[in-house]
Each structure stands twice: as C-alpha cells, then as structure tokens.
Amino acid sequence: MASNTIQAEVMMTLKENLEAMFADRDDVFIAIDLFWYPVKGHPEIRHAPDVMVVFGRPKGHRRSYKQWEEGNIAPQVVFEVVSESNSEQELEQDKKAFYELHGAEEYYIYNPDTGRWKGFLRQNGRLVEIPEMEGWVSPRLGIRFERGQEADPGVYDTEGNRFAGYLELRRALELAIERERARAEQERLLREQERQRAEQERMLREQLAQRLAELEAELRRLRGEE
C-alpha cells in the first residue's frame with residue numbers, strides 16, 4: 001500500500017493514464033498494488049508492484065494475480081515508487097531480483113524526491129539498467145519518460161500528451177461530457193428546426209393546393225355562366 005500521498009498520487013496517475021491509453025483493448029490488464037503470485041503452491045513467493053501491466057490477459061477485477069491461472073503470463077511491465085517504506089536501493093535489489101526471476105520485461109522506479117526515473121530492460125534473461133531514462137520510450141507501452149516533479153512523474157503518452165493527475169483527468173472528462181451534451185443539444189435543435197421547416201412547407205403546400213382548388217372551382221363556375 002502507498003505510504004504517503006505523493007506515492008499514492010503517482011501510482012494513480014500512472015494507472016489511470018495507462019488505463020485510458022489501453023481503454024479500447026480488452027487484452028490489457030492493469031492493476032495497482034495487487035499481489036502477484038508467480039508459483040503455484042508457494043504463497044510466500046509474492047510481491048505487489050505499485051503498478052503492473054499485463055498484455056494478453058482480460059480486464060476485470062481480481063483479488064490477486066495468480067500467474068498459473070492467467071495462462072502463465074507474467075506482468076510484462078512493472079512500476080515502483082520510492083517511499084519511506086521502500087528505498088530506491090531496496091527496490092533495485094529485492095524487487096528487481098523478483099521481477100527478473102519471474103519474467104518481467106521492463107521495470108521502472110520513480111523517485112518523487114529527485115524526479116528521476118531508473119529503468120531496467122530484459123536482455124538475455126536479465127533486467128539490465130537503461131543508461132539514460134530521460135527521453136526513453138518503453139518498447140511495450142510506447143510511453144516516454146522525462147524528468148518528473150514530486151507527484152508529477154513526467155511521463156508522456158504515445159501522442160505526446162503528459163500524463164495528467166486524477167483531478168486533471170476528471171476535469172478533462174467533465175469537459176468532454178459537457179462538449180458532448182452541447183453537441184447533442186445542438187443536433188437536437190437542428191432536428192427541431194428541420195422539423196418545423198418541413199411542417200411549414202407542408203402547411204404551405206396544403207394552402208397552395210387549397211387555393212388552387214378554389215381557383216379551379218371559380219374558373220369552372222365562370223365558364224358555366226358563359
């Protein structure tokens with residue numbers, strides 16, 4: 001679990017923005033602080049990444065990630081955020097060894113105090129440190145890493161948009177909903193105007209038809225008089 005509000009906000013920012021990126025894919029599972037059990041029959045072998053991303057598994061709720069029940073697919077990308085309870089050194093040793101042993105392809109560590117990222121990429125069965133993280137693009141996710149600032153991890157999506165915090169995402173969603181409502185209302189008004197125009201044209205045609213009938217009747221009457 002998050003040990004402070006900054007760590008919690010970074011975790012939520014990463015998860016919610018990744019969820020938004022892969023919203024149209026049913027085969028990408030993303031979780032926050034969920035226990036990952038890689039070996040059946042050994043519940044003591046476990047870790048809970050701050051954020052995990054699994055390609056090839058369906059979305060949905062889980063009490064834990066039991067790898068043997070998930071097609072034996074290990075989370076390909078994992079994130080950790082440095083906190084009082086997890087030092088950067090510990091994350092580079094204990095958790096890195098676990099992720100390396102059990103199949104993670106990419107492992108990223110964010111330090112809110114420095115705004116810096118550390119990353120590791122699987123090469124020849126090992127998680128090897130990425131020499132330069134600023135400007136690095138994740139092979140799996142396509143996201144770009146830059147220098148962060150406390151709760152803002154400095155990550156950009158595949159379209160170059162900076163990962164937004166929860167409040168920013170909520171405001172953006174509210175604006176999008178409001179724009180959609182305004183668009184729907186405008187379309188409704190246009191349909192109503194079109195309906196009124198069609199009704200006016202119908203009434204005009206009826207009036208013209210009636211007047212024409214009256215003129216024809218008058219013409220017949222005049223001819224009869226002659």
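The table below gives the values:
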{"read-out": "Strands (runs of 3 or more DSSP E) contained in the range 2-92 and holding at least 1 residues over 24 Å from Q149 (Cα atoms) and within 21 Å of the chain's Cα centre (by Cα)", "value": "28-32, 51-55"}
{"read-out": "Search result, residues across the range 100-136 that are of a type in the set (A, V, I, L, M), surrounded by 15 or more Cβ atoms within 10 Å (Cβ to Cβ) and not in a loop (DSSP other than H, G, I, E, B)", "value": "I109, L121, L127"}
{"read-out": "From the options G125, G154, residue that is at pLDDT below 95 and closer than 20 Å to A8 by Cα", "value": "G154"}
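The values are calculated or read from the model by the stated rules, or taken from the named source; none is laboratory data. Bear in mind the structure is a predicted one, so any value in this text is a computation, not a measurement. Every residue, glycine among them, receives a Cβ derived from its backbone with ideal geometry; neighbour counts consider all protein chains shown.
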